[in-house]
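Scroll down for the structure; my scribbles are underneath it.
The values are calculated or read from the model by the stated rules, or taken from the named source; none is laboratory data. As the structure is a computational prediction, the values presented were derived from the model and not from experiment. Cβ sites come from the backbone with ideal geometry, for glycine too, and all protein chains shown count toward neighbours. For accessibility, only protein heavy atoms count, side chains too; no ligands or nucleic acids. Shrake-Rupley method; radii C 1.70, N 1.55, O 1.52, S 1.80 Å.
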Amino acid sequence: RKEVEQDPGPFNVPEGATVAFNCTYSNSASQSFFWYRQDCRKEPKLLMSVYSSGNEDGRFTAQLNRASQYISLLIRDSKLSDSATYLCVVRGANFGNEKLTFGTGTRLTIIP
Amino acid sequence: SQTIHQWPATLVQPVGSPLSLECTVEGTSNPNLYWYRQAAGRGLQLLFYSVGIGQISSEVPQNLSASRPQDRQFILSSKKLLLSDSGFYLCAWSGEYNQPQHFGDGTRLSIL
């Protein structure tokens with residue numbers, strides 16, 4: 001089983017729709033969780049950290065389910081500019097605090 | 001605020017030539033530093049990370065090496081490049097425990 005697994009997509013979603021991504025992780029002792037977005041041929045950029053209680057940032061909502069070991073990202077009222085690859089990222093306790101494990105990403109295209 | 005600089009942005013090198021990519025961070029001290037490679041259409045692969053000057057951990061066997069001669073400087077090198085070294089190389093930094101990583105703009109390396 002991969003350490004971090006994501007549906008690669010692609011997700012093709014009409015503008016204004018709501019889209020949700022899930023990500024599962026294998027290490028139950030993982031400590032911190034993040035969502036990054038990566039535009040084509042660009043570096044990954046932090047979208048948001050994921051907290052145990054769930055957190056929201058504008059149109060974006062992230063949730064963590066430790067019991068089931070999955071993380072979700074919800075995008076409401078999607079915009080054309082949301083088109084990107086979304087990376088699920090986990091820091092695992094047994095790796096040492098220094099390293100993050102990146103999923104391979106879910107590709108999202110917003111259709112006008 | 002903290003910034004990370006990585007250069008060059010693109011590089012075309014012949015097989016067998018040496019390589020030196022440099023990354024510097026400003027606005028913080030004693031950062032954790034990372035080198036990643038991303039092959040076309042693939043996920044991020046951690047190559048090296050460093051928690052302090054002169055401290056380098058290697059993640060995968062390869063013909064690349066890394067050095068950290070100063071607190072905020074991280075260098076990726078090779079004595080002889082292979083065709084398989086082509087890819088998008090990303091430097092990243094992070095602060096204390098549980099903090100996310102922040103990436104430089106990346107270097108797109110093509111080996112001919």
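What residue, of A:85, A:101, A:106, is away from chain B (no Cβ under 11 Å) and among the hydroxyl-bearing types (Ser, Thr, Tyr)? Step through it out loud before you land on a result.
Values: A:85 fails: away from chain B (no Cβ under 11 Å); A:101 fails: away from chain B (no Cβ under 11 Å).
Result: A:106 is the single residue among A:85, A:101, A:106 that is away from chain B (no Cβ under 11 Å) and among the hydroxyl-bearing types (Ser, Thr, Tyr).
Name, by its number, the condition in (1) within 19 Å of residue A:108 (Cα to Cα); (2) more than 14 Å from every other protein chain (Cβ to nearest Cβ); (3) in contact with a Lys or Arg (Cβ under 9 Å, 6 or more places away or on another chain) that does not hold for residue A:36.
(2)
Which condition breaks for residue B:84 when tested against (1) outside any loop (DSSP other than H, G, I, E, B); (2) open to solvent by 40 Å² or more (accessible area, probe 1.4 Å); (3) in contact (Cβ under 8 Å) with a residue 40 or more places away in the chain?
Unmet condition: (3).
Of (1) within 12 Å of chain B (Cβ to nearest Cβ); (2) assigned to a strand (DSSP E or B), residue A:30 satisfies all except one. Which?
(2)
Only one of (1) modelled with pLDDT under 95; (2) surrounded by fewer than 21 Cβ atoms within 10 Å (Cβ to Cβ); (3) of a type outside the set (S, T, N, Q); (4) within 18 Å of residue A:24 (Cα to Cα) fails for residue A:100. Which number is that?
Just one mismatch for residue A:100, condition (2).
What is the number of the single condition among (1) basic (Lys, Arg); (2) crowded, with 19+ Cβ neighbours inside 10 Å; (3) at pLDDT 95 or above that residue A:76 does not meet?
(2)
From B:45, B:73, B:6, which residue is modelled with pLDDT of 95 or more, within 13 Å of another protein chain (Cβ to nearest Cβ) and within 12 Å of the chain's Cα centre (by Cα)? Working first, answer last.
Working: B:45 fails: modelled with pLDDT of 95 or more; B:73 fails: within 13 Å of another protein chain (Cβ to nearest Cβ).
Selected residue: B:6, the only one of B:45, B:73, B:6 that is modelled with pLDDT of 95 or more, within 13 Å of another protein chain (Cβ to nearest Cβ) and within 12 Å of the chain's Cα centre (by Cα).
Could you please let me know if residue B:39 is open to solvent by less than 60 Å² (accessible area, probe 1.4 Å), under 27 Å from residue A:8 (Cβ atoms) and at pLDDT below 90? Let's see the steps before the verdict.
Details: open to solvent by less than 60 Å² (accessible area, probe 1.4 Å): yes; under 27 Å from residue A:8 (Cβ atoms): yes; at pLDDT below 90: yes.
In short, yes.
Within 14 Å of chain A (Cβ to nearest Cβ) and open to solvent by 70 Å² or more (accessible area, probe 1.4 Å): which single residue out of B:20, B:29, B:58, B:50 fits that description? Reasoning before the result, please.
Values: B:20 fails: within 14 Å of chain A (Cβ to nearest Cβ); B:29 fails: within 14 Å of chain A (Cβ to nearest Cβ); B:50 fails: open to solvent by 70 Å² or more (accessible area, probe 1.4 Å).
Criteria check complete, one pass: B:58.
Hey, any hits in the stretch B:94-103 for a residue that's charged (D, E, K, R), over 26 Å from residue A:6 (Cα atoms), in a loop (DSSP other than H, G, I, E, B) and modelled with pLDDT under 95?
yes
If we only count strands (runs of 3 or more DSSP E) wholly inside the stretch B:11-76, which ones have 2 or more residues that are out of contact with any Pro (no Cβ under 9 Å at 6 or more places or on another chain) and touching a residue at least 40 places away in the same chain (Cβ under 8 Å)? So that I can check it myself, show each step before the final result.
On the way: elements: B:19-26, B:32-38, B:44-52, B:55-58, B:64-70.
Answer list for the stretch B:11-76: B:19-26, B:32-38.
Residues being surrounded by fewer than 19 Cβ atoms within 10 Å (Cβ to Cβ) and within 13 Å of the chain's Cα centre (by Cα): count how many of those fall in the stretch B:89-107. Reasoning before the result, please.
The first filter runs over the stretch B:89-107 and keeps only residues surrounded by fewer than 19 Cβ atoms within 10 Å (Cβ to Cβ), leaving B:95-99, B:105.
Those still in the list that are within 13 Å of the chain's Cα centre (by Cα) too: B:105.
Here the count works out to 1.
For the condition of a type in the set (S, T, N, Q) and out of contact with any Lys or Arg (no Cβ under 9 Å at 6 or more places or on another chain), what is the one hit in B:17, B:65, B:50, B:58? Even if it seems obvious, please write down each step before you answer.
Working: B:17 fails: out of contact with any Lys or Arg (no Cβ under 9 Å at 6 or more places or on another chain); B:65 fails: out of contact with any Lys or Arg (no Cβ under 9 Å at 6 or more places or on another chain); B:50 fails: out of contact with any Lys or Arg (no Cβ under 9 Å at 6 or more places or on another chain).
Within the list B:17, B:65, B:50, B:58, the selection yields B:58.
If I filter the stretch A:44-65 for residues that are buried (at least 19 other Cβ atoms within 10 Å of the Cβ), within 14 Å of chain B (Cβ to nearest Cβ), among the polar types (S, T, N, Q) and within 27 Å of residue B:106 (Cα to Cα), do I get at least one hit?
No, the stretch A:44-65 contains no residue that is buried (at least 19 other Cβ atoms within 10 Å of the Cβ), within 14 Å of chain B (Cβ to nearest Cβ), among the polar types (S, T, N, Q) and within 27 Å of residue B:106 (Cα to Cα).
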